[in-house]
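Written below as structure tokens is the structure these notes are about.
The values are calculated or read from the model by the stated rules, or taken from the named source; none is laboratory data. If you're wondering where the values come from, they're calculated on a predicted model, not measured in any experiment. Here the Cβ positions follow ideal geometry from the backbone for every residue, glycine too, while neighbour counts run over all protein chains shown. Just so you know, the surface numbers come from the protein's heavy atoms only, side chains and all, with ligands and any DNA or RNA stripped out. Shrake-Rupley method; radii C 1.70, N 1.55, O 1.52, S 1.80 Å.
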Amino acid sequence: MSTETERKVGSLLGSSLGASPANGSSSTYPQESSQSSSAVKVIKPVSKEIDSAKEKLSLELKQKQDELRASNGVKEIRSFREKLPAFKAKAEFLKAVAENQVLVISGETGCGKTTQLPQYILEEEISALRGGSCSIICTQPRRISAISVAARVSSERGEPLGGSVGYQIRLESKRSALTRLLFCTTGVLLRQLVQDPNLTGVTHLLVDEIHERGMNEDFLLIILRDLLPRRPDLRLILMSATINADLFSKYFGNAPTIHIPGFTFPVVDFFLEDVLEKSRYKIQPESDNMQGSSRRGRRRRDQESKKDPLTELFEDIDIDSHYRNYSASTRMSLEAWSSSQLDLGLVEASIEYICRSEGDGAILVFLTGWDEISKLLDKIKGNRLLGDQSKFLVLPLHGSMPTINQREIFDRPPPNKRKIVLATNIAESSITIDDVVYVIDCGKAKETSYDALNKLACLLPSWISKASAHQRRGRAGRVQPGVCYKLYPKVIHDAMLQYQLPEILRTPLQELCLHVKSLQLGAVGSFLAKALQPPDSLSVQNAIELLKTIGALDDTEELTPLGRHLCTLPMDPNIGKMLLIGSIFQCLGPALTIAAGLAHRDPFVLPIDRKHEADAAKRSFAGDSCSDHIALVKAFQGYKEAKRTRSDRSFCWDNFLSPVTLRMMEEMREQFRDLLTDIGFVDRSKTADAYDQYSHDLEMVSAVLCAGLYPKVVQCKRRGKRTAFYTKEDGKVDIHPASVNAGVHLFPLPYMVYSEKVKTTGIYVRDSTNISDYALLLFGGNLVPSQNGDGIEMLGGYLHFSASRSVLELIRKLRVELDKLLNRKIEDPTLDMSAEGKGVVSAVVELLHSY
DNA sequence: GAGCACTGC
């Protein structure tokens, strides 16, 4: 810091000291009253008028339903509905609903459970003249399914969507006062529970797809089990796609179970050994120049550190005796087969075999990721048979590839042209391609896991579960009998886990823990211990520790005022804090954009053939900011400007941006702005620019990022002509190659903040912004004087700052004033920062610019 | 030098 800066900051700070009230009791927070969160009073139908209105509605609904039933259009649909397997179980189902508070349904694909069961309840209630007072909710894990199921059900009833049947998902709903059956995402229901913990008025709740074991669904089940005794009139129906519904039944005190068989066309399975026989493909043994280390080798287990149990199981088999009925060539291939590396030649040979020897129909190949899809695509292009573009339409399908929104994935190709889709897990449940007849399954998927010991999120390829394999296989039998080629031995299939580990055991829990607090469900640890499969207490402890570090929970694990604000923001608590600080420091626009991008999805897409251009486009948005977050802000700004001139389509195309994601981000920004308004941080009467005074100030935006993302800090240490990166928890880490900071050798500033760090082939920081030590000193963690008195420490002594005594003293003073101001603002969001905090804010700005 | 997938009053 120059003496000039020191003088300026000192004088600005001096002026602010007088402006702040003498008693800035920033450390004591007002106590939360136990009633404070039930601000929304639920209006209960007590008066006679309301009762009679309901009776009238019940009559109307019944008349309308009877009329519709008699009409011709619905008659046709009715005969279709009566052919569904669910129809046979209708009477049993309705009887069980009437007699039990909780019911578990296991229904296989194609049985019609999702569209029929909620509808049966609705029809039954309307027929019994309870239509006016019933309220049926059916949750779905995904937005698309909530919409499409609601649309299907209302059309089966011959009604417009939003009548008696509606849907509600984030930022979008079609429902009315008449809606009696609502399909919503599980997340929407969880938010609803914050306002109305008793689900007042809801008569029937159906929770669909619980076998997927998503975090929201598992969380909801804990809440519901506690709620049922308080709501004896509420009926709960759990719907699972797999026969094994025991787990859920037991969890709810041995609730009765009804099984509904499914209907799909038969699918024939072939395993690796059969595929080798049929295709005559020869797997090449690992050549010695691969150093024999990382890749493979049967019975070379002792040379390798760790192998998964399924691979070990296979390697313990004596190939010649176990596969004695197979050809010598197949046995040799099985001997050479590696479970750790997918043999793309084998995939290619399988596709070729289908194209030569089998009938018409699309082929769907399940792979693990971008890299495999890309390499296989190249291989197919060079293939003599498959490379013929007049006969084959080969399409990659991956969440961050632009093809994801193209119609041709779903459309039937012209006659004599075969569609071949190379997909990730996205085609397992999110995207359905109807005309698939052949599935090729590599047996693996990239899966997130959470290493609580090292506080590290991982994303590694692993064997899928039997349930997943079944689901993938089923993709072949939607329109006619199909075939599934599994590129792994039957022995491995038989040893696969029945189900994937539930998400609650695979994910960092800070957001969930905050949610538990906001629902006033008691101590986080003991509440989550009631889960179907409770998370490791160390994971819970890590999450609580983080929430304490960022100031969302106090020492007694109670919500602080900051924590209460964060509960209202539907995003990771670090990102929520960034948004709040951004609004306080008048960087609202960028904060909204960054929050929307990080909370939803990166809008940058990666086309398979132009990834270097895509990389360059992202870097040009970042300019010399050394920030992925700034790149995001600039890209969004560019999109908004292009929209004004109606050139957004070409802008997105030219800059490798996803228009769908950007539109979603626009809507999310509005939602966030509204939420900030609700909690007082944004005043609607002020103009938009009132909160954007520093939005173009890179140093301020970086400081806001630091305030939000702390303690996710990376140290940049110069090593000769390069920079090496370190974190407290992991030691050396790498910048993710997709980051604008990848490959940059020297950085102007000594630290980075990031929002996501993940272990794949190494430990990568996915997004980063280069920040100064002043940003950290002012907006990072608590400042602790060094033991030897010559500096300041942070992050448990991991970060050390040294400077002259007078500078350190000045920073310490400024920090005290800044914390006071922030605490006052957070306790009372209506506090006028521009008046009350003028001196402190000016001093902060001055210091941040003193580089 | 590398990228599973969802989702939120």
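How many percent of DSSP beta bridges within the range A:414-564 run antiparallel, rounded to 5?
Approximately 70 percent, going by the DSSP bridge assignments.
So what's the back-of-envelope 222 nm ellipticity for chain A, counting only DSSP H runs of four-plus at -39500 (n - 2.57) apiece and dividing by all residues, rounded to 500?
Computed mean residue ellipticity for chain A: -13000 deg cm²/dmol.
Take the alpha carbon atoms of the range A:177-286, find their radius of gyration, then divide it by 2.2 N^0.38 Å using N residues; give the quotient. Write down the numbers at each step before the final one.
Working: Rg = 21.1 Å, N = 110, 2.2 N^0.38 = 13.1 Å.
So the Cα radius of gyration is 1.61 times the expected 2.2 N^0.38 Å.
Name the residues whose placed amide hydrogens come within less than 5 Å of the amide hydrogen of A:Ile771, ignoring near sequence neighbours (fewer than 5 apart) on the same chain.
Close amide H contacts, sequence-distant or interchain: A:Tyr751, A:Met752, A:Val753.
Tell me, rounded to the nearest percent, the portion of alpha carbon pairs in the range A:505-566 spaced more than 18 Å apart.
Cα-Cα pairs in the range A:505-566 separated by more than 18 Å: 25 percent.
How large is ³J(HN,Hα), in whole Hz, for each residue of the range A:650-659 in order, when computed from phi with the Karplus curve 6.51 cos²θ - 1.76 cosθ + 1.60 and θ = phi - 60°, using x for Gly and Pro?
Coupling constants for the range A:650-659: 6, 4, 4, 4, 5, 10, 6, 10, 8, x Hz.
Write down the radius of gyration of the range A:684-805 and its Dmax, each obtained from C-alpha positions, in Å.
Rg, Dmax (Cα atoms, Å): 16.0, 54.
Given a 1.4 angstrom probe, what's the average accessible area per residue across the range A:724-851, in square angstrom?
Each residue of the range A:724-851 exposes 42 Å² on average to a 1.4 Å probe.
Relative contact order, percent, of chain A when contacts are C-alpha pairs under 8 Å separated by at least 6 residues?
So the answer I get is 11 percent.
For the range A:567-702, what does the relative contact order come out to in percent, with C-alpha contacts under 8 Å and a separation of six or more?
Working: 139 pairs, mean separation 49.9, N = 136.
RCO, the range A:567-702: 37 percent.
Carbon and sulfur atoms: what percent of the 1.4 Å accessible area of the range A:71-260 do they account for?
Values: 3920 of 7300 Å².
Here carbon and sulfur together make up 54 percent of the probe-accessible area.
Return the ratio Rg/(2.2 N^0.38 Å) for the range A:567-702, where Rg is computed over Cα atoms only.
Ratio of Rg to 2.2 N^0.38 Å for the range A:567-702: 1.05.
Rank by packing, highest mean first: peptides A:564-573, A:93-102, with packing defined as the count of other Cβ atoms within 10 Å averaged across residues.
Packing proxy ranking, top to bottom: A:564-573, A:93-102.
Please sort A:714-723, A:659-668 by packing, taking for each peptide the average over its residues of neighbouring beta carbons within 10 angstrom, highest first.
Details: A:714-723: 13.8, A:659-668: 18.1.
Highest mean packing first, the order is A:659-668, A:714-723.
Of the listed peptides A:584-593, A:758-767, what is their order by residue-averaged count of other C-beta atoms within 10 Å, with the highest listed first?
Descending mean neighbour count gives A:584-593, A:758-767.
Using a 1.4 angstrom probe, figure out how much accessible area the range A:71-260 has per residue, in square angstrom, rounded to the nearest whole.
Spelled out: the 1.4 Å probe surface of the range A:71-260, per residue, equals 38 Å².
Please turn the phi angles of the range A:234-241 into ³J(HN,Hα) values with the Karplus equation 6.51 cos²θ - 1.76 cosθ + 1.60 (θ = phi - 60°), one per residue in order, whole Hz, x for glycine and proline.
Those phi angles translate into 7, 9, 10, 10, 9, 10, 10, 8 Hz.
What is the log10 of I(q)/I(0) for the range A:104-188, computed with the Debye formula using one identical point scatterer on each Cα and no solvent, at q = 0.12, 0.21, 0.22, 0.26 Å⁻¹?
-0.31, -0.97, -1.05, -1.37
Going down the table (A:Lys88/A:Lys446; A:Lys446/A:Lys728; A:Lys174/A:Lys444; A:Lys113/A:Lys759; A:Lys640/A:Lys717), which pairs top 30 Å between alpha carbons?
A:Lys88/A:Lys446; A:Lys174/A:Lys444; A:Lys113/A:Lys759; A:Lys640/A:Lys717, as the Cα separations exceed 30 Å there.
Mind putting together the pair-distance distribution for chain A? All Cα pairs, 20 Å bins, whole percent per bin, short to long.
Spelled out bin by bin, chain A gives 13, 41, 35, 10, 0 percent.
By its C-alpha gyration tensor, with a ≥ b ≥ c as the square roots of the eigenvalues, how is the range A:511-646 shaped: rounded for a/c under 1.5, else prolate for a/b larger than b/c, else oblate?
Prolate, because a/c is 1.5 or more and a/b exceeds b/c.
Amide H of A:Phe183 versus every other amide H placed in the peptide plane: which residues, excluding those fewer than 5 positions away on the same chain, fall under 5 Å?
A:Cys138, A:Gly166, A:Tyr167, A:Gln168
Normalised by the number of residues in the range A:605-680, what is the relative contact order in percent for Cα pairs under 8 Å and 6+ residues apart?
Result for the range A:605-680 is 26 percent.
Taking amide H atoms as placed 1.01 Å from N in the peptide plane, list the residues 5 or more away in sequence, or in a different chain, whose amide H sits under 5 Å from that of A:Val733.
Correct list: A:Phe725, A:Tyr726, A:Thr727.
Could you do me a favour and compute the accessible area per residue for the range A:505-566, 1.4 Å probe, result in Å²? Numbers along the way, then the final one.
Values: 2310 Å² over 62 residues.
On a per-residue basis, 37 Å².
Ignoring ligands, DNA and RNA, please state the percent of accessible area on the range A:567-702 from carbon and sulfur, probe 1.4 Å.
Details: 2860 of 5860 Å².
Exposed carbon and sulfur together represent 49 percent of the surface.
When a/c reaches 1.5 or more, the comparison of a/b and b/c decides; with that in mind, is the range A:377-429 rounded, prolate or oblate per its Cα gyration tensor?
Oblate.
Could you give me the ³J(HN,Hα) list for the range A:549-557, computed from phi with Karplus coefficients 6.51, -1.76, 1.60 and θ = phi - 60°, whole Hz, x at Gly and Pro?
Calculated HN-Hα couplings, in order: 4, 8, x, 8, 10, 8, 4, 8, 6 Hz.
If you roll a 1.4 angstrom probe over the protein chains with everything in place, what fraction of the accessible area of the range A:298-388 belongs to carbon and sulfur, to the nearest %?
Looking at the range A:298-388 in its full context, I get 44 percent from C and S.
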